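Take a look at the structure set out below.
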Amino acid sequence: MATRKQSELYSGKAKTVYITDDPTQLILYFRDDTSAFDGKKIERFSRKGEINNKFNAFIMEKLAAAGIPTHFERLLSEQESLVKRLEMFPIECVVRNIATGSLCRRLGVQDGLDLDPPVFEFFLKDDARHDPMINEYHIRTFGWANPKQVEQMKEYTFRINDILKVLFLEAGLLLVDYKLEFGDVQGQVLLGDEFTPDGCRLWDVKTREKLDKDRFRHGLGGVTEAYEEVARRLGMPL
Ligand code: 5GP
């Protein structure tokens with residue numbers, strides 16, 4: 001029997017998560033509206049939910065094929081996907097291949113600088129505190145994850161970098177940085193996040209034009225068109 005949506009569990013910047021009649025599964029609904037700057041900037045883009053839903057499914061299938069365990073089960077409709085329900089760690093893992101965004105604001109390093117080796121950062125998932133930066137000591141002391149789980153999150157986040165950097169480069173795109181969240185189910189760490197241009201930065205390899213959520217954050221226009229361009233270059237069916 002098909003899994004049915006029950007009550008809303010959580011509503012994020014651009015997706016809503018629903019409990020289902022199966023306690024082990026959730027439904028992600030990718031909305032057309034999106035927000036930035038802690039909800040201060042909100043806008044609706046027609047077809048964005050559908051593009052992100054399909055984009056995410058495409059990337060999750062690539063990651064699963066490369067041996068990364070993820071929560072993704074299958075597409076359910078134009079704007080919905082079925083995922084495994086995880087016990088989420090309240091942590092954001094960020095990898096940066098090129099300096100931009102908050103790294104430049106915090107450290108004053110030059111925007112566009114190649115980062116070799118890539119930089120890894122942890123942030124606490126806490127909107128009210130603007131997702132402060134944390135380290136492994138905070139995670140251990142406050143019990144947000146155990147040391148083995150921390151190692152697993154770092155290993156998967158870096159492996160995902162190796163897989164996706166190549167995938168995007170072959171499509172003429174630089175994977176600048178991205179954020180991922182993980183969760184636990186029956187003692188296993190799984191990727192429990194979507195991967196879309198809302199949670200990563202992608203630049204054209206030649207012109208360094210921004211083709212991600214920074215177009216919305218910085219009011220550059222052409223948000224949906226940029227996401228569609230990325231999808232087209234990856235050969236994704238839309
Ligand atoms: P920064 O720390 O420079 O603002 O963001 C680093 C990377 O993580 C960017 O690709 C950004 O899109 C992503 N990121 C950071 N925080 C969030 C968040 O709360 N939600 C989403 N979707 N992505 C985030």
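Taken together, the values in this text are just the output of simple stated rules run on the coordinates, not laboratory data. Since the structure is predicted, the reported quantities are computational estimates derived from the model, not experimental observations. Please note: Cβ atoms are built from the backbone with ideal geometry, for glycine as well, and neighbour counts cover all protein chains shown.
Would you mind calculating the relative contact order of the chain from Cα pairs under 8 angstrom and at least 6 residues apart, reporting the percent as a whole number? Please list the in-between numbers first.
Working: 432 pairs, mean separation 39.8, N = 238.
With pairs under 8 Å counted, the relative contact order is 17 percent.
Comparing 213, 48, 62, which has the greatest mean-square fluctuation in the GNM of the chain with Cα pairs linked when under 10 Å apart?
Comparing 213, 48, 62 in a Gaussian network model of the chain, the most mobile one is 62.
Can you figure out the FRET efficiency of residue 137 with residue 33, using R₀ = 41 Å and their beta-carbon distance, to the nearest 0.05?
For residue 137 and residue 33, the calculated efficiency is 0.65.
Modelled label-to-label distance, residue 185 and residue 106, 7 Å Cα→beta-carbon offset: nm?
The answer from the label model is 3.0 nm.
Say a paramagnetic label sat at a point 7 Å from the Cα of residue 65, along Cα to Cβ; which residues of region 150-180 have their backbone N under 12 Å from it?
From region 150-180, the list is 167.
Return the lysines within reach of residue 40: Cα separation strictly under 17 angstrom, same-chain partners fewer than 8 residues apart disregarded; answer none if there are no such residues.
13, 15, 213
Apply the Kirkwood formula to region 8-84: the hydrodynamic radius equals the inverse of the mean of 1/r over all pairs of different alpha-carbon atoms; give it in Å with one decimal.
Values: mean 1/r = 0.0761 Å⁻¹.
Radius from the Kirkwood sum: 13.1 Å.
Non-local amide H neighbours of residue 209 (under 5 Å, H modeled in plane, Pro and chain starts lacking H): which ones?
Under 5 Å from the amide H of residue 209 lie the amide H atoms of 204, each far enough along the sequence or on another chain.
Could you compute the net charge surrounding residue 124? Neighbours are other residues with a C-beta less than 13 Å from the C-beta of residue 124; K and R count +1, D and E count -1.
Around residue 124, the charge tally is -4.
Between 149, 186, 110, which gets the highest mean-square fluctuation from a Gaussian network model of the chain, Cα cutoff 10 Å?
186
I need two numbers for the chain: Rg to one decimal and Dmax as a whole number, Cα atoms only, in Å.
Expressed in Å, the Cα Rg and Dmax of the chain come to 17.2, 55.
Could you give the length gained by full extension between residue 76 and residue 126, i.e. 0.36 nm per residue of separation minus their alpha carbon distance, to one decimal place? Don't skip to the end; give the middle numbers.
Working: separation 50, 0.36 × 50 = 18.00 nm, distance 2.96 nm.
Extra length available between residue 76 and residue 126 comes to 15.0 nm.
Compute and list, largest first, the equivalent-ellipsoid semi-axes of region 87-221 from the alpha carbon gyration tensor, each √(5λ) rounded to a whole angstrom.
Working: eigenvalues 136, 57, 38 Å².
Value: 26, 17, 14 Å, ordered largest first.
Through the Karplus equation 6.51 cos²θ - 1.76 cosθ + 1.60, θ set to phi - 60°, convert the phi angles of region 147-161 into ³J(HN,Hα) values in whole Hz; use x for Gly and Pro.
With the stated coefficients, region 147-161 comes to x, 5, 5, 4, 4, 4, 4, 5, 4, 5, 4, 6, 4, 4, 4 Hz.
Only Cα pairs under 8 Å and at least 6 apart count here; give the relative contact order of region 87-221 as a rounded whole percent. Walk me through the numbers on the way to the answer.
On the way: 208 pairs, mean separation 32.2, N = 135.
Worked out over region 87-221, it gives 24 percent.
Would you kindly calculate the translational diffusion coefficient of region 60-128, applying Stokes-Einstein with the Kirkwood radius from alpha carbon pairs, for 4 °C and a viscosity of 1.567 mPa s, and quote it in µm² s⁻¹ without decimals? Write out the running numbers ahead of the final one.
Details: Rh = 15.1 Å.
In µm²/s, the coefficient rounds to 86.
Name the residues whose placed amide hydrogens come within less than 5 Å of the amide hydrogen of residue 176, ignoring near sequence neighbours (fewer than 5 apart) on the same chain.
Here the answer is 201, 202, 203, since their amide H atoms fall under 5 Å of that of residue 176.
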